[in-house]
Structures are given as C-alpha cells and as structure tokens.
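Data block below; observations after.
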Amino acid sequence: MPQAIKINDDLVTSAKAVAAAERRSLAGQVEYWAIIGRAAEANPDLPFSLLHEMILAKAEAEAGLLEEYVFGEGEDI
C-alpha cells in the first residue's frame, strides 16, 4: 500500500535529477535507492555492481524472462 513520507529537500532534488537520467519516476528512484541500500546493509562485502545485477536478475525472473541454461552446450571441450 503506497504511503506518503517526508524526505529531505536535497534528497528529492538529487533523486529527481537521477530519475530523469535513468528514466524512472521520482518514487521509482527513491524505491531503487532504498532497495540498493537495504541490500548493501545486508551484504556489506558485496560490490554495488553485483548488488545491482542481482536486483536486475530478480526483476527479470519475476517478469518471466528466464532462459534455461544447459551446461556444456555450445562449448568445445
């Protein structure tokens, strides 16, 4: 259920700029930062790039964009 929250004006300004560049809504950008931040807190030894790729992979899986991987297929051994 969506809820209104108050956040710092500087954060809103920054989020608007990044949201425009990333083609996200303001709410979508803040949600993305929250998801990344939560993942970073839970996994402090993982780099941002890996966290980002994991979140992207989860979203792709939830959207049904999975392909079965067959080990050894197409490899010359």
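The values are calculated or read from the model by the stated rules, or taken from the named source; none is laboratory data. Owing to the predicted nature of the structure, the values given are computational and were not obtained by experimental measurement. Reconstructed Cβ throughout: ideal geometry from the backbone, glycine too, with neighbour counts over all protein chains shown.
Of all residues in the stretch 55-76, those that are more than 19 Å from GLU31 (Cα to Cα) have Cβ atoms under 9 Å from Cβ atoms of residues that are surrounded by 10 or more Cβ atoms within 10 Å (Cβ to Cβ), 6 or more apart or on another chain, in LEU65/ALA59; LEU66/GLU60. For the structure I just gave you, tell me whether LEU11 is at pLDDT 95 or above and not basic (Lys, Arg). In short, yes. Going through (1) without any contact (Cβ under 8 Å) to a residue 12 or more places away in the chain; (2) outside any helix (DSSP H, G or I) one by one, ILE7 falls short only on (1).
In a residue-by-residue description of the stretch 19-33, the property of being at pLDDT 95 or above and in contact with a Ser or Thr (Cβ under 7 Å, 6 or more places away or on another chain) applies to at least one position. Considering the stretch 48-77, the residues that are among the small types (Gly, Ala, Ser) and part of a loop (DSSP other than H, G, I, E, B) include one that is surrounded by the most Cβ atoms within 10 Å (Cβ to Cβ), namely ALA63. The one condition from (1) of a type in the set (D, E, K, R); (2) in a helix (DSSP H, G or I); (3) surrounded by 10 or more Cβ atoms within 10 Å (Cβ to Cβ) that ARG24 does not meet is (2).
Working only within the stretch 35-47, note down all residues that are part of a loop (DSSP other than H, G, I, E, B) and of a type in the set (A, V, I, L, M, F, W, C). Steps first, please.
Just the residues of the stretch 35-47 that are part of a loop (DSSP other than H, G, I, E, B), to begin with: 43-47.
Across the stretch 35-47, the qualifying residue is only LEU46.
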